[in-house]
Amino acid sequence: MRDSSPIGHGGRLTIDLSALRANWRRLAEVAECPETAAVIKADAYGCGIARAAPALWREGCRTFFVAHLSEGLAAREAVPEAAIYVLNGFPPGRAPEYRAATLRPVLGSREEIAEWAAANRQEGVIRPAALHVDTGMNRLGLSVPEGLALAGDPVIAQAGIDLLMSHLVSAEVEHDPLTDRQAAAFATLRAAYPGIRASLANSSGDFLPVCRADLARPGYALYGGNPRPGHDNPMRPVVRLEAGILQVREVAAGETAGYNARWTAPGPRRLATLSLGYADGFPRASTGRGEALVGGVRCPFAGNVSMDLIILDVTEAPQEALRRGAPATLIGDRLDLETVGRNAGTIGYEILTGLGRRYERVYRD
Ligand SMILES: *Cc1c(COP(=O)(O)O)cnc(C)c1O
């Protein structure tokens, strides 16, 4: 570790809140929308809603998106005065809990809209909600024809709709015609809902002028993910994952390492065992492809990632970096979220949101 070994934990996750705030500012500039929100679902993409949301609030962020009621309640505690939208809407009969915490459900079906409008009538207070129209994902929201048909219907006002939104299918893919089709459908919808704010862009959509609206909704890029794959990452890294070396050993050609002997030394090799494994949230699927930085040198994983341990081939690492307790970097520097995701056969989003509860967490600001 930079300071000392994480005492009582396998790995240390350092979360840079000043980088998070800088990323939000950057995205707000790039998006050129009157307002930029922050998506903080999945515990702020693994970074911790209780620390991330207040940091963003201090930077000027006033609107937040989560996926579930439980996340909405955590967000409400973290940012008491913010507007908080719940992307997955609300389950039947659960409107009172949303209302008690002044959470705004994102409504995606006629049934859901009617239930929220009925709750507004009953309470005699119109509490705001968003309307989700599906322009191509086929996942959540009214269809475009349904959305157009409901425009001007009194139920829209009764349900307190104050935001019209849709979600992009592949904004990270350059020049994808699907994005243009979605943007065109969304423009038609906006015209049918005059006076209601609109939101289309996620992190990658922020960089596409065609996705500009009243409110941008970035998530991944806030936390350092690259919103423009194939280009240099314009965001600052937010998370760093390190684990300490427990032991170093020398093995001869032909010896194996780890469960089921999946790795065989091609010659005399030096191995180091790290105090971190899949139970910490580091994917076992990284077996055979994963790597860590030791003394600045990329060292491949040797053998299966096990529950609490990872074996590294540190033959190329400088000797002085191989002390017991010395740090290896699993996420950070050249091992960015995209690389770590690729090494595990997944995407950086899954790496970030899977960051375990078992790490020592250090926040810097
Ligand atoms: C998760 C999500 C976002 C944020 O997307 P990123 O790609 O992480 O920026 C925005 N809108 C909706 C509806 C989402 O589900």
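Name the residue that is surrounded by the fewest Cβ atoms within 10 Å (Cβ to Cβ), counting only residues in the stretch 285-306 that are in contact (Cβ under 8 Å) with a residue 40 or more places away in the chain and among the hydroxyl-bearing types (Ser, Thr, Tyr). Among them, the one singled out is SER306. Screening CYS61 against (1) assigned to a helix (DSSP H, G or I); (2) within 16 Å of the ligand (Cβ to nearest atom) leaves a single unmet condition, (1). Checking each residue of the stretch 217-224 against the condition of being closer than 25 Å to ASN23 by Cα, within 15 Å of the ligand (Cβ to nearest atom) and among the hydrophobic types (A, V, I, L, M, F, W, C) gives at least one match.
Only one entry of ILE331, ILE351, ILE347 meets the criterion of being more than 16 Å from the ligand (Cβ to nearest atom), among the β-branched types (Val, Ile, Thr) and surrounded by 15 or more Cβ atoms within 10 Å (Cβ to Cβ), and that entry is ILE331. Checking each residue in the stretch 64-82 for being aliphatic (A, V, I, L, M) and within 13 Å of the ligand (Cβ to nearest atom) picks out VAL66, ALA67. Residue check: PHE207 meets all listed conditions (1) under 30 Å from ILE161 (Cα atoms); (2) more than 8 Å from the ligand (Cβ to nearest atom); (3) buried (at least 23 other Cβ atoms within 10 Å of the Cβ); (4) not acidic (Asp, Glu) but one, namely (3).
Just one of the numbered conditions (1) in a loop (DSSP other than H, G, I, E, B); (2) within 16 Å of the ligand (Cβ to nearest atom); (3) surrounded by 14 or more Cβ atoms within 10 Å (Cβ to Cβ) is not true of ARG127: (2). Determine if the stretch 238-248 includes at least one residue that is within 16 Å of the ligand (Cβ to nearest atom) and under 27 Å from the mean Cα position of the chain (by Cα). Checked against the condition, which is being within 16 Å of the ligand (Cβ to nearest atom) and under 27 Å from the mean Cα position of the chain (by Cα), the stretch 238-248 yields at least one hit. For the stretch 29-58, the candidate set comprises residues that are over 17 Å from the mean Cα position of the chain (by Cα) and within 15 Å of the ligand (Cβ to nearest atom); within that set, the residue that is farthest from PHE207 (Cα to Cα) is GLU35.
Inside the stretch 147-189, residues that are at pLDDT 95 or above and over 24 Å from the mean Cα position of the chain (by Cα) make up a count of 24. Somewhere in the stretch 184-201, is a residue in the same structural domain as ALA37 (by TED's automatic domain parsing), in contact (Cβ under 8 Å) with a residue 40 or more places away in the chain, within 11 Å of the ligand (Cβ to nearest atom) and in a loop (DSSP other than H, G, I, E, B)? Yes. Any residue that is assigned to a strand (DSSP E or B) and at negative phi - is there at least one of those in the stretch 217-236? No, the conditions are met nowhere in the stretch 217-236. Just so you know, in the stretch 146-171 the residues that are within 16 Å of the ligand (Cβ to nearest atom) and polar (S, T, N, Q) include one that is farthest from ALA213 (Cα to Cα), and it is SER170.
Out of all the residues in the stretch 272-284, is one or more crowded, with 16+ Cβ neighbours inside 10 Å and farther than 23 Å from LEU337 by Cβ? Yes, there is a match, as at least one residue in the stretch 272-284 is crowded, with 16+ Cβ neighbours inside 10 Å and farther than 23 Å from LEU337 by Cβ. Within the stretch 318-334, being part of a strand (DSSP E or B) and over 19 Å from GLY290 (Cα atoms) holds for no residue. The single condition among (1) among the hydroxyl-bearing types (Ser, Thr, Tyr); (2) surrounded by fewer than 20 Cβ atoms within 10 Å (Cβ to Cβ); (3) modelled with pLDDT of 95 or more that SER4 does not satisfy is (3). Mind checking whether some residue in the stretch 16-23 is in contact with a helix residue (DSSP H, G or I) (Cβ under 6 Å, 6 or more places away or on another chain), away from the ligand (no atom under 15 Å from the Cβ), among the basic types (Lys, Arg) and outside any strand (DSSP E or B)? Yes, the stretch 16-23 contains at least one residue that is in contact with a helix residue (DSSP H, G or I) (Cβ under 6 Å, 6 or more places away or on another chain), away from the ligand (no atom under 15 Å from the Cβ), among the basic types (Lys, Arg) and outside any strand (DSSP E or B).
Being of a type in the set (Ser, Thr, Tyr), within 16 Å of PHE90 (Cβ to Cβ) and either within 29 Å of the chain's Cα centre (by Cα) or within 16 Å of the ligand (Cβ to nearest atom) (or both): is that true of SER143 here?
It is false that SER143 is of a type in the set (Ser, Thr, Tyr), within 16 Å of PHE90 (Cβ to Cβ) and either within 29 Å of the chain's Cα centre (by Cα) or within 16 Å of the ligand (Cβ to nearest atom) (or both).
Tallying residues that are within 16 Å of the ligand (Cβ to nearest atom), within 26 Å of the chain's Cα centre (by Cα), at negative phi and buried (at least 21 other Cβ atoms within 10 Å of the Cβ) within the stretch 88-118 yields 7.
The values are calculated or read from the model by the stated rules, or taken from the named source; none is laboratory data. Values in this document were obtained by computation on a predicted structure and should not be read as measured data. Positions of Cβ are generated from backbone atoms using ideal geometry, with glycine treated the same way; all protein chains shown enter the neighbour counts.
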